[in-house]
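The values are calculated or read from the model by the stated rules, or taken from the named source; none is laboratory data. Everything numeric in this text was worked out from a predicted model, so none of it was measured. When we count neighbours, we look across all protein chains shown, and the Cβ atoms used for this are built from the backbone with ideal geometry, even at glycine.
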Amino acid sequence: MSIHIRVVTPVVPTGLTKASDFEGILSSSDRVTFTEIENGPASVKTAFDAMAAAPDVVAKIIEAEEIGADAVVIDCMEEPGLQPGRECVSIPVLGPCQTVMGIACNLGHRFSILAVAPNMRVLFENKARISAAWEKYASTRSVDIAVANLAAEPQLLKENLLEQAMLAIEIDAADTLILGCTGMIDVAQWLQQRLHDAGQPVPVLDPMPLTIRIAKVLAQSGVSHSKAAYPSLARRQLRGYENSTLKKFST
């Protein structure tokens, strides 16, 4: 059974996200396609950015179901549009932050997140509470590199990740680590190996590949989010969405 996972990147096109970012995650018989939004922020760093991205993200989630995708993954740790998106479709819709926190809770006793900026701490603390992962949350540490510069400064990213990872382990007592940005491409295995070489046998979780694989398992198993928790929407009065996919819910 071939599975189609649709990735929704909740930013306007900037060239930072490429189809090649998702190659090799699933088997060759499966498909991982991605789309970006037309209206919204260039990056998601604040609650305001997430709010601005959400309407187009939800529209893209609806479109994914309409084109026959088996599941949707939102390509951002802020997970804009996750809850309303689940109300609009029946296929699984996953966000990488809540998904990978659940995995971290199963793999260890305390997890830390390696974020791009110090101000992301509040976001991850809130996500840990929402995900029922607060009791195992150890800390958020920052590499202090802008999202737009992650691909341009790979060596600096690796150096800062290793430094902050060691601090999370030695000071915060973390035994499991999560990369705090989906734009940290192809560094999880490198970091995990460097930590193992230094005598720190902790797993490093890369949110997007793990979430895409979990989405495949859910789709194959015929399991999706609970419609008791995320009831399907009835039509309602909506203004200003005449040219949006959201108009399907308008009276």
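Some notes on this structure:
- Where helices (runs of 4 or more DSSP H) fall entirely within the stretch 85-173, those with at least 1 residues that are farther than 21 Å from P209 by Cα and among the acidic types (D, E) are at 120-130, 154-170.
- Close pairs from the stretch 231-246: first not assigned by TED's automatic domain parsing to the domain that holds L82 and in a loop (DSSP other than H, G, I, E, B), partner exposed (fewer than 11 other Cβ atoms within 10 Å of the Cβ) and at pLDDT below 85, Cβ under 6 Å, at least 6 apart: R235/T251; Q237/T251
- Within the stretch 202-223, the only residue that satisfies the criterion of being part of a helix (DSSP H, G or I), closer than 26 Å to L162 by Cβ and in contact with an Asp or Glu (Cβ under 7 Å, 6 or more places away or on another chain) is M208.
- Matching entry among S221, S142 (being under 22 Å from I5 (Cα atoms) and of a type in the set (S, T, N, Q)): S221
- Filtering the stretch 102-147 to residues that are touching a Phe, Trp or Tyr at 6+ places or on another chain (Cβ under 7 Å) and aliphatic (A, V, I, L, M) leaves A104, I113, A115, A128, A138.
- For the stretch 103-154, filtering for residues that are among the polar types (S, T, N, Q), surrounded by fewer than 18 Cβ atoms within 10 Å (Cβ to Cβ) and over 17 Å from L191 (Cα atoms) leaves 4.
- Answer from D56, D30 - the residue that is farther than 22 Å from M184 by Cα, in contact with a Lys or Arg (Cβ under 9 Å, 6 or more places away or on another chain) and charged (D, E, K, R): D30
- Against the numbered list (1) within 17 Å of the chain's Cα centre (by Cα); (2) modelled with pLDDT of 95 or more; (3) of a type in the set (V, I, T), I185 comes up short only at (2).
- Taking the criterion of being in a strand (DSSP E or B) and either in contact with a Ser or Thr (Cβ under 8 Å, 6 or more places away or on another chain) or free of Cβ contacts under 8 Å to residues at least 12 places away in the same chain (or both), the residues of the stretch 1-33 that qualify are H4, I5, R6, V7, V8, T9, R31.
- Scan of the stretch 52-84 for residues that are in a helix (DSSP H, G or I) and of a type in the set (D, E), ordered by number: D56, E63, E65, E66
- Test: residue in the stretch 84-91 that is buried (at least 23 other Cβ atoms within 10 Å of the Cβ), modelled with pLDDT under 95 and of a type outside the set (D, E): no
- Whichever residue in the stretch 155-173 is of a type in the set (S, T, N, Q) and surrounded by 17 or more Cβ atoms within 10 Å (Cβ to Cβ) and, among such residues, is farthest from A42 (Cα to Cα): Q164
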